[in-house]
Amino acid sequence: MSIPNAAQANSWNGPEGAHWAASTGRTEGRDSALHRLLFEAAAIAETDRVLDVGCGAGETTVLAARQASRGHVVGLDLSRPMLERARADQARTGLTNLRFEEGDAQVHPLGDGEFDVAISQFGIMFFADPVAAFANIGRALRPGGRLVFVCPRHMARCAWYTVPISALTGPPEPLPDTREPGMFSLADRERIEEVLGGAGFGSVMTTAVEVPLFFGQDAASAAGFFLGTGPVRAILDDAIMTPDAARTALEDALRPYAGPEGVRLGGELWMVTARRFSRRPPGQP
Ligand SMILES: C[S@@+](CC[C@H](N)C(=O)[O-])C[C@H]1O[C@@H](n2cnc3c(N)ncnc32)[C@H](O)[C@@H]1O
């Protein structure tokens with residue numbers, strides 16, 4: 001398997017991947033507001049062939065397979081633990097029109113024009129060369145095929161980032177907009193338009209949406225989730241506080257967000273739609 005994004009592959013195949021694999025894909029419907037927005041925008045038809053990029057534990061892949069009941073869905077991810085989780089959950093659904101492939105979306109051979117629509121929920125911000133990655137995804141779409149993804153806006157606008165970090169280190173410095181691979185690499189609308197235009201997509205539309213996301217049934221389980229995520233592990237690695245003190249601080253900070261539907265924290269996101277040009281952009285083979 002060719003992996004230009006080796007650092008990301010290491011991370012998503014190491015503690016980060018194991019943690020997400022254990023934490024996601026368990027409670028169908030918990031992020032239904034986000035799924036409704038994503039799938040409304042994707043407008044998947046019964047016979048569509050769908051690619052789910054950075055599918056993780058396969059929650060959206062399964063939802064897509066239910067919509068494309070006479071088509072088929074491929075979930076692509078470079079994290080083995082996430083894919084193991086996805087395949088185990090697929091077996092429980094009994095769905096046969098989806099499969100999971102392990103690979104780096106930047107280079108993974110996806111065929112030419114094999115898909116009608118590519119979707120992604122938070123799986124496309126981690127590319128070292130985003131133009132190359134989206135061009136690879138674009139080649140996999142038929143001419144006129146649709147790309148629909150959701151990604152975070154600036155970190156300061158995402159309570160699921162600021163609340164746990166503030167609980168441990170005080171309010172995060174307003175961090176600079178970063179183009180480095182990571183959760184916030186596509187936080188700027190202009191950046192999204194530049195990357196997708198460079199990759200040969202047209203009709204790019206970015207819509208700001210705000211959706212509360214689910215992080216656990218109660219403050220204790222949400223704290224457990226955040227303790228395993230990369231930014232919080234980095235804080236603990238710096239020995240700023242003990243894991244026990246961090247758990248207590250997180251639980252205290254998360255308790256006000258607990259309600260009958262679990263702990264939910266809001267965040268501003270971009271819902272992005274685009275189409276593959278019917279002809280190749282200049283310079284592409
Ligand atoms: C934040 S998780 C989102 C997972 C899933 N879509 C969800 O919403 O639960 C990001 C996912 O992108 C995957 N990923 C990161 N870089 C990738 C790449 N270059 N190619 C394929 N998958 C990638 C990670 O392994 C991880 O599963």
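The values are calculated or read from the model by the stated rules, or taken from the named source; none is laboratory data. Since this is a predicted model, take the numbers as computed values, not measurements. Ideal geometry is used to build each Cβ from the backbone, glycine not excepted, and the neighbour counts take in all protein chains shown. Accessible surface areas use protein heavy atoms only, side chains included; no ligands, DNA or RNA. Shrake-Rupley method; radii C 1.70, N 1.55, O 1.52, S 1.80 Å.
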Legend entry - Selection from segment 2-25 of residues that are assigned to a helix (DSSP H, G or I) and open to solvent by 60 Å² or more (accessible area, probe 1.4 Å): ALA7, ASN10, ASN13, PRO15, TRP20
Inset, instruction - Would you mind stating whether LEU110 is at pLDDT below 95 and open to solvent by less than 30 Å² (accessible area, probe 1.4 Å)? - result: no
Inset, instruction - Could you please find all residues in segment 94-117 being within 12 Å of the ligand (Cβ to nearest atom) and not β-branched (Val, Ile, Thr)? - result: PHE100, GLU101, GLU102, GLY103, ASP104, ALA105, GLN106, HIS108, LEU110
Inset, instruction - Keeping to segment 196-212, report how many residues are closer than 27 Å to SER11 by Cβ and open to solvent by 40 Å² or more (accessible area, probe 1.4 Å). - result: 2
Legend entry - Residue under evaluation GLU193, criteria (1) surrounded by fewer than 14 Cβ atoms within 10 Å (Cβ to Cβ); (2) of a type in the set (D, E, K, R); (3) out of contact with any Leu (no Cβ under 8 Å at 6 or more places or on another chain), criterion not met: (1)
Legend entry - Failed criterion for ALA86 (all others in (1) near the ligand (Cβ under 8 Å from one of its atoms); (2) touching a helix residue (DSSP H, G or I) at 6+ places or on another chain (Cβ under 8 Å); (3) touching a residue at least 40 places away in the same chain (Cβ under 8 Å) hold): (1)
Inset, instruction - Test ALA45 against the criterion of being surrounded by fewer than 19 Cβ atoms within 10 Å (Cβ to Cβ) and under 22 Å from GLN217 (Cα atoms), and give yes or no. - result: no
Inset, instruction - Quickly run through segment 122-134 and pick out the residues that are in a helix (DSSP H, G or I) and crowded, with 22+ Cβ neighbours inside 10 Å. - result: PRO130, ALA133, PHE134
Inset, instruction - Please work out which one of (1) open to solvent by 40 Å² or more (accessible area, probe 1.4 Å); (2) closer than 17 Å to GLN8 by Cβ is the condition SER32 fails and give its number. - result: (2)
Legend entry - Test: ALA7 is within 11 Å of the ligand (Cβ to nearest atom) and of a type outside the set (Val, Ile, Thr): yes
Legend entry - Qualifying residues in segment 50-66 (those that are crowded, with 23+ Cβ neighbours inside 10 Å and away from the ligand (no atom under 13 Å from the Cβ)) - the one nearest to the chain's Cα centre (by Cα): VAL50
Inset, instruction - For segment 148-162, indicate whether the set of residues that are away from the ligand (no atom under 15 Å from the Cβ), farther than 19 Å from GLY267 by Cβ and buried (at least 16 other Cβ atoms within 10 Å of the Cβ) is non-empty. - result: no
Legend entry - Only listed residue being of a type in the set (Asp, Glu) and surrounded by fewer than 16 Cβ atoms within 10 Å (Cβ to Cβ), chosen from ASP188, ASP244: ASP244
